[in-house]
């Protein structure tokens, strides 16, 4: 192999689409780590917080809708609900075959306490972008989101 000939791996590593993908994954991991670290202090996983937020935004939401919005199985949501219910943060209200979910007073207090910190951390993460870059990023994410629907 001469100096000017690239191996398949080197060729692969120079593909701008693949480089962008790997950078995206790396950044997402870093952000996820930061967010998980903050939730550990509250004894919550990222998924549990996401579920609490879904319930807070739409009290009375059913388990299936939560699973769809979170892109997880109903069984996964049921496990999280059982834990959150045991911790006194969520209550279920059965209506026929459907469970509607509500935050308890403790759940509402927890959300009220942690969301300002959580939201501030997200704003800090995005603060590296200018207003125009942020608008472009929003537009790109919307485009990706719609392509998967």
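What about residue 134, is it modelled with pLDDT under 95, part of a helix (DSSP H, G or I) and more than 23 Å from residue 37 (Cα to Cα)?
The answer is no for residue 134.
Quick check: anything in segment 40-48 touching a strand residue (DSSP E or B) at 6+ places or on another chain (Cβ under 9 Å) and either at pLDDT below 90 or surrounded by 10 or more Cβ atoms within 10 Å (Cβ to Cβ) (or both)? Please lay out each step first, then the result.
From segment 40-48, those touching a strand residue (DSSP E or B) at 6+ places or on another chain (Cβ under 9 Å) are none; that's our starting set.
No: segment 40-48 contains no residue that is touching a strand residue (DSSP E or B) at 6+ places or on another chain (Cβ under 9 Å) and either at pLDDT below 90 or surrounded by 10 or more Cβ atoms within 10 Å (Cβ to Cβ) (or both).
Could you tell me which numbered condition residue 48 fails, if it satisfies all but one of (1) more than 11 Å from the chain's Cα centre (by Cα); (2) assigned by TED's automatic domain parsing to the domain that holds residue 120; (3) over 27 Å from residue 146 (Cβ atoms); (4) free of Cβ contacts under 8 Å to residues at least 40 places away in the same chain?
Of the numbered conditions (1) more than 11 Å from the chain's Cα centre (by Cα); (2) assigned by TED's automatic domain parsing to the domain that holds residue 120; (3) over 27 Å from residue 146 (Cβ atoms); (4) free of Cβ contacts under 8 Å to residues at least 40 places away in the same chain, the odd one out for residue 48 is (1).
If you go through segment 1-32, how many residues are more than 22 Å from residue 124 (Cα to Cα), modelled with pLDDT of 85 or more and in contact with a helix residue (DSSP H, G or I) (Cβ under 8 Å, 6 or more places away or on another chain)?
2
Please specify each residue of segment 52-98 satisfying the condition of being buried (at least 18 other Cβ atoms within 10 Å of the Cβ), out of contact with any strand residue (DSSP E or B) (no Cβ under 8 Å at 6 or more places or on another chain) and under 20 Å from residue 115 (Cα atoms).
Within segment 52-98, 80 is the sole residue that qualifies.
Filter segment 72-94 down to the residues that are assigned to a strand (DSSP E or B) and farther than 16 Å from residue 44 by Cβ, then identify the one that is modelled with the lowest pLDDT.
Once the filter is applied, the top-ranked residue is 94.
Go through segment 105-133 and count every residue that is farther than 26 Å from residue 52 by Cβ and either touching a helix residue (DSSP H, G or I) at 6+ places or on another chain (Cβ under 8 Å) or surrounded by fewer than 10 Cβ atoms within 10 Å (Cβ to Cβ) (or both).
Of all residues in segment 105-133, those farther than 26 Å from residue 52 by Cβ come to 128-133.
Cutting the leftovers down to either touching a helix residue (DSSP H, G or I) at 6+ places or on another chain (Cβ under 8 Å) or surrounded by fewer than 10 Cβ atoms within 10 Å (Cβ to Cβ) (or both) gives us 128-132.
Qualifying residue count for the region: 5.
Please go through segment 93-120 and pick out each residue that is over 16 Å from the mean Cα position of the chain (by Cα) and without any contact (Cβ under 8 Å) to a residue 24 or more places away in the chain.
Within segment 93-120, 94, 95, 96, 97, 104, 105, 106, 109, 112, 113, 116 meet the criteria.
Given (1) closer than 24 Å to residue 126 by Cβ; (2) part of a helix (DSSP H, G or I), where does residue 44 come up short, assuming only one miss?
The number of the failed condition is (2).
The values are calculated or read from the model by the stated rules, or taken from the named source; none is laboratory data. The model shown is predicted, which means the values in this text are computed figures rather than measured ones. All Cβ positions, even for glycine, are placed from backbone atoms using ideal geometry, and neighbour counts span all protein chains on display.
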